[in-house]
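Note sheet for the following structure.
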2 protein chains.
Amino acid sequence: MSPSEREDVIVKEAVRFFAEFGFEGHTRELARRLDITQPLLYRYFATKDALVERVYQEVFLRRWNPFWDEVIGDRSKPLRERMVAFYQDYAKAILTYEWIRLFMFSGLKGLDFNTRYLELLRRRVFNTLVDELRLEFGAPGTAEKPPTDIEVEAVWSLHAAIFYLGVRKFIYNMPVGPLEPIIEMKVLSFVDGVGVVVRDATTTAG
Amino acid sequence: MSPSEREDVIVKEAVRFFAEFGFEGHTRELARRLDITQPLLYRYFATKDALVERVYQEVFLRRWNPFWDEVIGDRSKPLRERMVAFYQDYAKAILTYEWIRLFMFSGLKGLDFNTRYLELLRRRVFNTLVDELRLEFGAPGTAEKPPTDIEVEAVWSLHAAIFYLGVRKFIYNMPVGPLEPIIEMKVLSFVDGVGVVVRDATTTAG
DNA sequence: CTCTTTATTTATCGTATGATCATTATTTGC
DNA sequence: GCAAATAATGATCATACGATAAATAAAGAG
């Protein structure tokens, strides 16, 4: 097998493997799954940590869609429609066995990837969402009044509700119904309920 | 030190220890923290797994309040007030470093504890919540029409929003603001938004 | 066909883990 | 005080881990 081909095969299997067992998964067992010997892994990756690093990149950096904030901010469509569309797409990207479990393993191990990813999420998605919700409920934009903690916290509620579908399915191993109608329901009832938060945050001291 | 005293000390430290490192944490390191030798652990617990089992019981079984469903169902008070009170109390019980992290480690390792715990939660809390929300929005009780999947899914949204506060704080290591006002906001905006779900579920085929 | 290169394996090192056993230190009953 | 019981330790076993180095198999160039 050619080096680049072999490397691809190793990384792909490693993603699945570390998602299943966490980063403590043994290189011998990974090699067994690949039908290769364990030392061969060390020809392609200097250390186990180097392979783990590569797995991060493969799973997290590749699945971020840079146009998500544009989808949310496209005011030619109703906000509810945009938000449903975004979260359907976002769910497709992250509600997978590999993404959810690796993200959680990473957090538990104290790696800084979660923090960095969530900073990106907040900057590109949460801020846009707050801005659009402000407009929806007749409140001033975030350029005039920056997002308040409680508004960001409200957006976290929706985000958590959707992320947790993956936790229940891929971490707790519970049955979860079809995602599309569930996500639509979660987004719509969120928007229905969040109005008072936005209005409070933009009228009282904040 | 007396046996029961020593055992308590070991279990208490083991809770913290396994919450930090997961169940792969080494017995030698645990012993070092306890200022005892590693073989002494094996005088009190036959195997490492036996100690892990004990840690589960200590953290999960001891913190469940059997009166929670009564708090939620006490119709002498407004529903919003009851739900806020319940989730403030529930948050105090589970939004701790040990509870959140051990629960997640347990799920990732494929132990069945999560499933069993969440069955208890669904039976005692979610069903009661759906029943009370039905009453709030003028829909028939669950005795007449059992909770639908989409209603339970709606309740999961609120539950996830609150649980995820602990994930952000204790797993992602992110700063999270004061819990009381945040939880109040999450409960109130949830109730504001969930009406349409309950009405849909009880009027259309369901 | 041969030589060079390199993908892959076999054998192994140093270390660390869960667990055991014999021994020592400490407490308890009388 | 003294002896029995037991809490606690020191030394160690069997195994398994990540990693390394030498040997082998396979492929490609000329």
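The values are calculated or read from the model by the stated rules, or taken from the named source; none is laboratory data. What you are looking at is a predicted structure, and each value in this text was computed from that prediction instead of being measured. Every residue, glycine among them, receives a Cβ derived from its backbone with ideal geometry; neighbour counts consider all protein chains shown. Note: areas computed on protein heavy atoms with side chains; ligands, DNA, RNA excluded. Shrake-Rupley method; radii C 1.70, N 1.55, O 1.52, S 1.80 Å.
Being open to solvent by 50 Å² or more (accessible area, probe 1.4 Å) and away from DNA strand D (no atom under 13 Å from the Cβ) is the filter here, so list the residues in the range B:14-44 that pass it.
Scanning the range B:14-44 gives B:ARG16, B:GLU20, B:PHE21, B:GLU29.
Please name all residue pairs, on different chains or six or more residues apart, with Cβ atoms under 7 Å, provided the first residue is in the range A:2-20 and is within 14 Å of another protein chain (Cβ to nearest Cβ) and the second residue is away from DNA strand C (no atom under 15 Å from the Cβ) and in a helix (DSSP H, G or I).
Listed pairs, sorted by first residue: A:PHE18/A:VAL52; A:PHE18/A:VAL55; A:PHE18/A:LEU102; A:ALA19/A:TYR97; A:ALA19/A:GLU98; A:ALA19/A:ARG101; A:ALA19/A:LEU102.
Report the residue count in the range A:160-182 for those that are in contact (Cβ under 8 Å) with a residue 60 or more places away in the chain and more than 12 Å from B:ALA160 (Cβ to Cβ).
Of the residues in that region, 5 qualify.
I'd like to check which helices (runs of 4 or more DSSP H) are fully inside the range A:1-54 and have at least 2 residues that are more than 14 Å from DNA strand C (Cβ to nearest atom) and at pLDDT 95 or above.
The helices (runs of 4 or more DSSP H) meeting that bar are A:3-21.
Please name all residue pairs, on different chains or six or more residues apart, with Cβ atoms under 9 Å, provided the first residue is in the range A:24-41 and is within 14 Å of chain B (Cβ to nearest Cβ) and among the small types (Gly, Ala, Ser) and the second residue is more than 8 Å from DNA strand D (Cβ to nearest atom) and open to solvent by less than 80 Å² (accessible area, probe 1.4 Å).
A:GLY25/A:ALA14; A:GLY25/A:PHE17; A:GLY25/A:PHE18
Go through (1) under 22 Å from B:VAL187 (Cα atoms); (2) touching a residue at least 12 places away in the same chain (Cβ under 8 Å); (3) part of a helix (DSSP H, G or I) one by one and return the number of the condition B:ASN65 breaks.
Checking B:ASN65 against (1) under 22 Å from B:VAL187 (Cα atoms); (2) touching a residue at least 12 places away in the same chain (Cβ under 8 Å); (3) part of a helix (DSSP H, G or I), the one that fails is (3).
Quick one: which residue in A:VAL52, A:VAL84, A:VAL71 is hydrophobic (A, V, I, L, M, F, W, C) and not assigned by TED's automatic domain parsing to the domain that holds A:PRO181?
A:VAL52
Can you list the helices (runs of 4 or more DSSP H) found entirely within the range A:102-206 that contain at least 2 residues being facing another protein chain (nearest Cβ under 8 Å) and open to solvent by 60 Å² or more (accessible area, probe 1.4 Å)?
The helices (runs of 4 or more DSSP H) meeting that bar are A:179-203.
Only one of (1) buried (at least 19 other Cβ atoms within 10 Å of the Cβ); (2) over 24 Å from A:PHE163 (Cβ atoms); (3) small (Gly, Ala, Ser) fails for A:SER2. Which number is that?
Of the numbered conditions (1) buried (at least 19 other Cβ atoms within 10 Å of the Cβ); (2) over 24 Å from A:PHE163 (Cβ atoms); (3) small (Gly, Ala, Ser), the odd one out for A:SER2 is (1).
Give me the residue from the range B:45-64 that is farther than 22 Å from A:PHE21 by Cα and crowded, with 17+ Cβ neighbours inside 10 Å and, out of that set, farthest from DNA strand D (Cβ to nearest atom).
Top of the filtered list is B:PHE60.
Could you check how many residues of the range B:43-53 are in contact (Cβ under 8 Å) with a residue 12 or more places away in the chain and more than 22 Å from A:GLY25 (Cβ to Cβ)?
Residues meeting the conditions: 3.
Looking only at residues in the range A:68-84 that are open to solvent by 50 Å² or more (accessible area, probe 1.4 Å) and part of a helix (DSSP H, G or I), which one is farthest from DNA strand C (Cβ to nearest atom)?
It comes out as A:ARG80.
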